[in-house]
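The values are calculated or read from the model by the stated rules, or taken from the named source; none is laboratory data. Please read these numbers as outputs of a predicted model, since none were measured by experiment. Here the Cβ positions follow ideal geometry from the backbone for every residue, glycine too, while neighbour counts run over all protein chains shown. What goes into the accessible areas is simple: the full protein's heavy atoms, side chains included, and nothing from ligands, DNA or RNA. Shrake-Rupley method; radii C 1.70, N 1.55, O 1.52, S 1.80 Å.
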Amino acid sequence: MSILIINIKELLQVREENVAILKGAEMKILPILKNAYVFIDHDTIVDYGSMDDLIGIDADEIIDATGKIVLPTWCDSHTHLVYAGNRVQEFVDRINGLSYEDIANRGGGILNSAAKLQNMDEETLYQQSVERLKEVMKQGTGAIEIKSGYGLTVDAELKMLRVIKRIKKKFPLKVRATLLAAHAIPKEYKNDKNGFLKVVIDEMIPAVAKERLAKYIDVFCEKGYFSLEDTDKVLTAGKAHGLIPKIHVNQFNAFGGVALGVIHNALSVDHLEVLTQEDISALQDSDTIAVALPSCSYFLGIPYTPARQLIEANIPVAIATDYNPGSTPSGNMNFVVSAACIKMKMTPEEAINAATINGAYAMGISKQYGSITKGNKANLIITKAIPSYTHLTYAFGENHIDKVIINGIEVE
Ligand code: NIG
Ligand code: FE
C-alpha cells in the first residue's frame, strides 16, 4: 500500500541525512518544507519534496493536506503505560492536602499500584493497557517505551513484560521495553531492602534477560527508594545481562544520581526536576540524554525540569509523558510539547525536536524514527488545517490532529 500526501502547508523535521541527536543550539532549528509532498510505500518514507517538483508518482491513495501540517509522530521515550486500575483516590487525597510523599509513606503510591497489578490476571492487564495504547496512538505517538515496575515480584514483573511483548507484536507502533525492577521496596521487604535487591539481581534480571523481555534496565534513584549504592548494583547487574541503563533520578532530591548514570553510560536520565551544577557538568560531553517529563510536574505540582539551563549547557533534551497512574495519568504527547513551551520556556522548535529526534534517541531508535528522512519508517501526523506549526504548542489542550499514520497504516 502506498500513500501520497500532497499540498502540505508545512512539512516539519525534514532531514536529508538521518540525525541521531540534537544538542544545545541545534535544538532551535526545525527544518521545514513549505507546499510539500511526501510519498510512503508500505512502512517506509520513500520520497518528499516541493509540490513544484512533483511529477508522476503513482499511489494507491492520495491525501490532500491543503492547509495542514505534516510531521513525524511523537517518540514517547518514558512511560509506565501497562498498569492496573487507577489511583484516583490518591489524586483526591492530594487535593485535600496530602503530598505524594505522604501517600507513599502510608503504603500507597507505587505499592498501591503493585498490589492491584499482582491481583490482576494477565488478560485484563493487557486489555486495560491496550485501551490506553490505542488512545495515545490516536494522539500521535508512533513509538513508545514502556516500563515494568508495578510488579515487584518475579512473577508480576514477568507478567507486565509479557503484556508489553504482546503489545509489541500486535500494534504497528515501535515499542521498547524496560525492566524497572527497583521501583519501590515491597512491603514484605520493608526492613530488608538488600533482600529485595537480591531478588532483583539474582532472579528478576536474569529471568528477564533470558526471555529477552526488556532492552533497558531502570531504577528509581531517590530518597526512600533506592540509594546511589543500590542503583549502582542494579545497573551493574543489568549491564552484565546486556541491558542498557536508564534512570529515574532527581525527581525530588539531587544527590549524585545523574553522575552515576553518566558513569554507567546510561542512555537517558529522566525527571531532573531538581538539578545541580554538578549534574549539569556530569552530563556535558556525555552520550546520556536528559529527559524532562512536564506532565508529571503539572500533575504533582512540583518544579519543572530546567530545560533552558540544560540546553544552554549544550546538553540534549528529550521530552516524554511518564504516563502512569500515580504521577501522570496522561499519555498525551501534544500536551507535553505544549507544556514544554509554556512551562519550561522551550521554543516550539526545541519542543518538537525534543519530542521527535531526541525522543527517538532516548529510546535508541533514532536511525529510523523521529524525522522525515528517506528510508525512515512511515510514521506521520497530519494535522487539521491550522495557521502554522506553532499553533500545535500555542493552542494547548485542543486536538489539532486529523490523521495519524504509523508504519504506513492509518490509525483508525
Ligand atoms: O516516573 N517516580 C517514579 N515512578 C513514576 C511514578 C510512580 C507512581 O507514582 O506510580 C514516575 O513518576
Ligand atoms: Fe517514570
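Numbers for the structure displayed
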| item | result |
| --- | --- |
| Helices (runs of 4 or more DSSP H) (entirely within the range 96-161) containing at least 2 residues that are within 30 Å of Val404 (Cα to Cα) | 122-138 |
| Residue that is of a type outside the set (Phe, Trp, Tyr), in contact with a Lys or Arg (Cβ under 8 Å, 6 or more places away or on another chain) and at pLDDT below 95, where the choices are Gly67, Gly107, Gly85, Gly56 | Gly107 |
| Scope the range 293-318; condition closer than 16 Å to Glu349 by Cα and within 15 Å of ligand 1 (Cβ to nearest atom); matching residues | Ala318 |
| Residues (closer than 16 Å to Ala340 by Cβ and of a type in the set (Val, Ile, Thr)) located in the range 281-302 | Ile289, Val291, Ile302 |
| The range 277-317, residues that are hydrophobic (A, V, I, L, M, F, W, C), under 23 Å from Tyr150 (Cβ atoms) and open to solvent by less than 10 Å² (accessible area, probe 1.4 Å) | Val291, Ala292, Leu293, Cys296 |
| Identity of the residue in the range 44-80, closer than 13 Å to Asn379 by Cα and surrounded by fewer than 21 Cβ atoms within 10 Å (Cβ to Cβ), that ends up nearest to ligand 1 (Cβ to nearest atom) | Thr44 |
| Selection within the range 196-211 - surrounded by 13 or more Cβ atoms within 10 Å (Cβ to Cβ) and not basic (Lys, Arg) | Phe196, Leu197, Val199, Val200, Ile201, Glu203, Met204, Ile205, Pro206, Ala207, Val208, Ala209 |
| Leading residue by the ranking (surrounded by the fewest Cβ atoms within 10 Å (Cβ to Cβ)) among those in the range 212-224 that are within 23 Å of Asn253 (Cα to Cα) and out of contact with any strand residue (DSSP E or B) (no Cβ under 6 Å at 6 or more places or on another chain) | Lys223 |
| Restricting the range 353-365 to residues that are over 16 Å from Leu310 (Cα atoms) and surrounded by 24 or more Cβ atoms within 10 Å (Cβ to Cβ), the residue that is nearest to ligand 1 (Cβ to nearest atom) | Met363 |
| Residues located in the range 4-32, provided they are in contact (Cβ under 8 Å) with a residue 24 or more places away in the chain and under 13 Å from Thr373 (Cα atoms) | Leu11, Leu12, Gln13, Val14, Arg15, Glu16, Glu17, Asn18, Val19, Ala20, Ile32 |
